[in-house]
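**Q** Starting off with a structure, shown below.
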Amino acid sequence: MSTGLLAALLAALLTGSATVLQALGARRAAVGHRPGEAAALAGTLRQWPFAVGVGMDMAGFGAELYALERLPLYVVEAALASALAVTAVGASRVLHIRLRRTEWAGVAAVSAGLCLLAVTAGRDGEGHGSEGLRLGTLVVAVLLLAAGWAAGRFGGRRAAPLLGLVAGLQFGVVGVAVRVLPALSPAELWTEPSAYAVAVAGLGGFAALTWAMQCGSVTAATAAMVLGETLGPAVVGVAVLGDHTRHGAVPLAVLGFAAAIAGALALARFGDAEQPAVSPTAGSGP
């Protein structure tokens, strides 16, 4: 139990820290370019902070898998929700961003809300998803690509949280698509729409998150991403796959949902106070 909990907390630390480094790399690459331009997105991959962040994300995913083998799912989810707080603290130190009390309250509300949702979760349902659901994951992934483009082009000052939400929903699609995969044999994956959904949503979420980091508030974008990534699959699980809350825990689940939504909205509204860490005269090389 202790090693599993330590692994879950390590995953949160790695994931939250990785987001800060990825934001630093994305903002450096955006110097001299409009956020979301192909050159800015491609340049992000050449920034060493971004590359280190991707590596930390992979290490965090490995720690999460280790924890999931030793702890109940809701315990791991509760620990991973603290990644948002890690990102907020890291952004204030590394990106020299000053968060006001309202934004810290938003971080606390999102983290507490997600923790409540996690501890009220019951066992996973036995449903595996119909063929229509598996095809639906691919359709939703493609539609979210369009939504991400629209959010980046027309979102204005709210582009960062909107893109973060799109990224989170895309990552949520990845989770749902993986769960409803009927088989893992290569011969069947070629004709399985949910397998393609994993690829489309994974790449789409990665691009949307990178664009969000270049557009504005890293904390607001991360809060929206965590929200979409957590709540999206939860809704599908309850409505379609037979997941449910613990007995008598519905009021707490509703409270957690409301707190997470309120916190994310507060961060989206007040995240404009964040100032870019990289000035136009900063180095933009890798």
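The values are calculated or read from the model by the stated rules, or taken from the named source; none is laboratory data. Nothing here was measured: the structure is a model prediction, and the numbers come from that model. All Cβ positions, glycine included, derive from the backbone under ideal geometry; neighbour counts span all protein chains shown. Side chains are part of the model used for accessible areas, which takes the heavy atoms of the whole protein and leaves out ligands, DNA and RNA. Shrake-Rupley method; radii C 1.70, N 1.55, O 1.52, S 1.80 Å.
**Q** So for segment 158-168 (the condition being under 21 Å from the mean Cα position of the chain (by Cα), over 21 Å from Ala42 (Cα atoms), assigned to a helix (DSSP H, G or I) and without any contact (Cβ under 8 Å) to a residue 40 or more places away in the chain), does at least one residue qualify?
**A** No, that holds for no residue.
**Q** Being open to solvent by 50 Å² or more (accessible area, probe 1.4 Å) and modelled with pLDDT of 80 or more is true for just one of Leu65, Leu135, Leu73. Which residue is that?
**A** On the way: Leu65 fails: modelled with pLDDT of 80 or more; Leu73 fails: modelled with pLDDT of 80 or more.
Exactly one residue qualifies, and that residue is Leu135.
**Q** Would it be correct to say that Ala197 is assigned to a helix (DSSP H, G or I) and either within 24 Å of Ala258 (Cα to Cα) or at pLDDT below 85 (or both)? Walk me through how you get there before you give the answer.
**A** Working: assigned to a helix (DSSP H, G or I): yes; either within 24 Å of Ala258 (Cα to Cα) or at pLDDT below 85 (or both): no.
No: the conditions fail for Ala197.
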